[in-house]
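**Q** Below is the structure I would like to discuss, written out as structure tokens.
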Amino acid sequence: MNWQNRVSIGLLSIALCAGAAGAQGTPRAAQAPTTEPADVAAFKGQNKTSHDFIARHEGFLKDLKKLNGECGILFVGDSITDGWRGRNGKEIFEKNYGSMHPYNIGIGGDKTQHVLWRLDHGEVEGISPKVAVLMIGTNNLGTNSDDEIVSGITKIVKDLNEKLPKTKVLLLGIFPRSANADHPFRARIKSINSQIAHLDDSGEHVKYLDIGSKFLEPDGSLSKDIMPDYLHPNAKGYEIWAAAIAPTLKSLTE
């Protein structure tokens, strides 16, 4: 079976599960998003291909094998998490997490649907990190409703809890994006974050943390000095991120 069919079948399975739940009376808002096209890497506005997605996924499986079960901290997300391994975040990542045997499975362009597929296809098998840092959802804003995004994030948290029962999930609120505070995305992000905050169970399994305000100016605007494209942090932004989660991370790993 080629990789296109594997991916299509994987997403179809997610859609069928959501459909089955609906048939049993589950309201639409409680279902995982099913609006993603069969080709999971049909990323709007990005020069991505399915081959890129599968190559990254298979690369993570190789990284996982090299870990040989030794992983203290897991990072899950999209390009913002992926950026920890880039020129802006690599040095800061190594300084803060290098001794923790980190494993980063962020992929640029990923939506909640992509992360669900990847978790269901072996990317966290055989490890038991103390903490999984999750931040996802911003790429869904253009294609999914707020309820669908909340549902997708909820399903990812549930999957992480089930696949990594000894791991605590540090769920981060979606970071602010767009230059000005009155951009429509800002209100949506605030609404989504207020809903996923309820997944917090005082750190027994899930700890929610919203560090978005750390990136903002007093008037609520985003500075190019932190996020040059008003979405992705630069080195200063990653420094802010690392410092903002440090106390909570310490409490979850002690």
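Quick note: the coordinates plus some simple rules give every number you see, no bench work behind them. Source: prediction; values computed, not measured. Cβ atoms come from the backbone with ideal geometry, glycine included; neighbour counts cover every protein chain shown.
**Q** How big is the gap, in Å, between the Cα center of segment 130-208 and the Cα center of segment 57-83?
**A** Value for the Cα centre distance between the two parts: 19 Å.
**Q** Once you have the Cα-Cα distance between residue 200 and residue 58, take 0.36 nm times their residue separation minus that, and quote the gain in nm to one decimal.
**A** Difference between extended and current length: 48.0 nm.
**Q** For the pairs 168/190; 111/214; 62/224; 111/224, note any where the Cα-Cα span goes beyond 26 Å. Don't jump to the answer; show the numbers that get you there.
**A** Details: 168/190 24 Å; 111/214 24 Å; 62/224 36 Å; 111/224 24 Å.
Going by Cα-Cα distance, 62/224 fall outside the 26 Å limit.
**Q** Please compute the length gained on full extension between residue 251 and residue 70, using 0.36 nm multiplied by the number of residues separating them and subtracting their Cα-Cα distance. Numbers along the way, then the final one.
**A** Values: separation 181, 0.36 × 181 = 65.16 nm, distance 2.05 nm.
Stretched fully, the residue 251-residue 70 segment lengthens by 63.1 nm.
**Q** Could you check the spin-label model distance between residue 187 and residue 128? Points 7 Å from the Cα along Cα→Cβ, value in nm.
**A** Between residue 187 and residue 128, the label points sit 4.7 nm apart.
**Q** While we're looking at this one, here's another question. What ratio of Cα Rg to 2.2 N^0.38 Å holds for segment 172-254?
**A** Relative to the 2.2 N^0.38 Å estimate, segment 172-254 comes out at 1.15.
**Q** Excluding same-chain residues fewer than 8 positions from residue 65, which aspartates and glutamates have a Cα within less than 12 Å of its Cα?
**A** Filter leaves 123, 125.
**Q** Within 10 Å of each candidate Cβ there may be at most 14 other Cβ atoms; applying that plus a DSSP loop requirement, which trypsin sites (Lys or Arg not before Pro) in segment 175-237 survive?
**A** Here the sparse-neighbourhood loop sites are 224.
**Q** Select from segment 158-246 those GluC sites (Glu not before Pro) which occupy a DSSP coil region and have at most 11 other Cβ atoms within 10 Å, ordered by residue number. Don't skip to the end; give the middle numbers.
**A** Details: sites: 162, 204, 239; in loops: 204.
Within segment 158-246, the qualifying GluC sites (Glu not before Pro) (loop, at most 11 other Cβ atoms within 10 Å) are 204.
**Q** Under a crude label model (7 Å from the Cα following the beta-carbon direction), how far is residue 231 from residue 214 in nanometres?
**A** 2.2 nm
**Q** Further, regarding this structure: Restricting to segment 95-254, what percent of DSSP beta bridges are antiparallel, rounded to 5?
**A** In segment 95-254, DSSP labels about 10 percent of beta bridges as antiparallel.
**Q** Rounded to the nearest 20 Debye, what is the dipole magnitude of segment 139-233 about its Cα centre when Lys and Arg each give +1 and Asp and Glu each give -1 at the C-beta? Don't skip to the end; give the middle numbers.
**A** On the way: 12 positive and 14 negative charges, 52 e Å.
Charge dipole of segment 139-233: 260 debye, to the nearest 20.
**Q** Counting only the backbone N, which residues of segment 58-83 are under 15 Å from the spot 7 Å out from the Cα of residue 166 toward its beta-carbon?
**A** Correct set: 68-74.
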